[in-house]
Amino acid sequence: MAEIKTVGVVGAGQMGNGIAHVCALAGYDVVLNDISQDALDAGVTTIEKNLGRQLSRELISMDEMKAAQARIKTHTDVKSLAEVDLAIEAATENREVKEKIFATLCTVVPDHAYLATNTSSISVTRLASTTDRPEKFIGLHFMNPVPLMNLMEIIRGLATDQETYDMAMGFAGRLGKTTTNAEDYPAFIVNRILVPMINEAVYALYEGVGTVESIDTAMRLGANHPMGPLTLADFIGLDTCLSIMQVLHDGLADTKYRPCPLLVKYVEAGWVGRKVGRGFYDYSGDAPVPTR
């Protein structure tokens, strides 16, 4: 088994910068790659802010924070990944985008390197089949926010070999993550259960069963959820929720996974949640205000 010393992360967004953060804190050298310099700059700013929060809570020391920051290098050129031992794709939840990334990665990363996807719903087997090393390909689904959430879903594709799985388990252990094995079915475990619940909450809003606030309050106080499903949808991103529902609907051919028309409408409007300042809530003021 090839030793993992350097980890490449493709995509500096919400998930990618979180993955880079935990990898650097665990002692790995990290190459954070994105086609956008602005995205890289924003990603590094987020990493520094989150490391600062951990420092203020005495979860890490000043030396650990500085060492983690020094381990992260950012690049817009994919050739920067030429010496990584593990490359993790953390791009938008779109199969075609991910396949293009892996096609490029296969021309750059060394032969011994493992490939992983952070997909939250797309077939690992299908993504692996587009690469030159399906046996060295695996799904590593981190939870958001990555530095805080302890779980990692590990998904083996049909061709994933034992060495790659063992690598993934060792890697997760070094990051301090608890793992759960999920079979390679649409949306795996967490999102197979979570996102249809969110979709049902949107249906409840769409049909007038409750308002945005009453639905969220009901689930927070009635089911003891830490945040309501519509708040959670805004946090995840309504575009991501819709993509997952579409994968479930297409992959399982069951009408219970039909995306709510209101969810589709919000995504079409560009109101996809916190990352743009508006979703089921408007975040432009001091406190979130329901948009419906």
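The table below gives the values:
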{"read-out": "Sites Leu59 and Phe235, calculated FRET efficiency, Cβ-Cβ separation with R0 22 Å, nearest 0.05", "value": "0.55"}
{"read-out": "Max mean-square fluctuation residue, GNM over the chain, Cα-Cα springs under 10 Å, options Ala70, Ala39, Ala20", "value": "Ala70"}
{"read-out": "Radius of gyration and Dmax over the Cα atoms of the chain, both given in Å", "value": "19.2, 56"}
{"read-out": "Sparsely packed trypsin sites (Lys or Arg not before Pro) within segment 1-100, loop by DSSP, other Cβ within 10 Å at most 10", "value": "Arg57"}
{"read-out": "Value of D in µm² per second that Stokes-Einstein yields for segment 190-290, Kirkwood Rh from Cα pairs, at 20 °C (1.002 mPa s)", "value": "158"}
{"read-out": "Neighbour net charge for Leu40 - beta-carbon separation under 12 angstrom, K R +1, D E -1", "value": "-3"}
{"read-out": "Hits among lysines - C-alpha to C-alpha of Lys79 under 30 Å, sequence gap 8 or more where chains match", "value": "Lys5, Lys49, Lys66, Lys98, Lys100, Lys136, Lys177, Lys275"}
{"read-out": "From phi via Karplus (6.51, -1.76, 1.60), per-residue ³J(HN,Hα) for segment 153-162 in Hz, x at Gly/Pro", "value": "7, 10, 10, 8, x, 4, 9, 4, 8, 5"}
{"read-out": "Phi to ³J(HN,Hα) by Karplus 6.51 cos²θ - 1.76 cosθ + 1.60 over segment 264-279, Hz, x for Gly, Pro", "value": "4, 5, 4, 5, 4, 6, x, 8, 9, x, 4, 5, 10, x, 7, x"}
{"read-out": "Modelled FRET efficiency - R0 25 Å, Ser129 with Tyr165, Cβ distances, 0.05 increments", "value": "0.90"}
{"read-out": "Net +/- balance of residues flanking Ala12 in space, Cβ distance below 11 Å, scoring K and R +1, D and E -1", "value": "-3"}
{"read-out": "Inter-site label distance for Ile193 and Met143 at 7 Å from Cα along Cβ, in nm", "value": "1.0"}
{"read-out": "Residues with amide H under 5 Å from that of Leu86, placed H, sequence gap 5 or more", "value": "Thr6, Gly8, Tyr114"}
{"read-out": "Segment 261-286 versus segment 124-195: alpha-carbon centroid distance in Å", "value": "29"}
{"read-out": "Asp254-Leu158 pseudo-label distance in nm [points 7 Å out on the Cα-to-Cβ vector]", "value": "2.2"}
{"read-out": "Electrostatic dipole magnitude of segment 190-290 [Cβ: Lys, Arg +1; Asp, Glu -1; Cα centre; debye, to 20]", "value": "160"}
{"read-out": "Gyration tensor (alpha-carbon) shape descriptor, segment 1-126, a/c threshold 1.5", "value": "prolate"}
{"read-out": "GluC sites (Glu not before Pro) within segment 106-215, DSSP loop, no more than 12 other Cβ atoms inside 10 Å", "value": "Glu183, Glu207"}
{"read-out": "Nearest 10 degrees, 0 to 90: helix 37-56 Cα axis against the chain principal axis", "value": "90"}
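No value in this document is a laboratory result; all are computed from the given coordinates. Because the structure is a prediction, the values reported are computed rather than measured. As a convention, Cβ positions derive from the backbone with ideal geometry for all residues, glycine included, and neighbour counts pool all protein chains shown.
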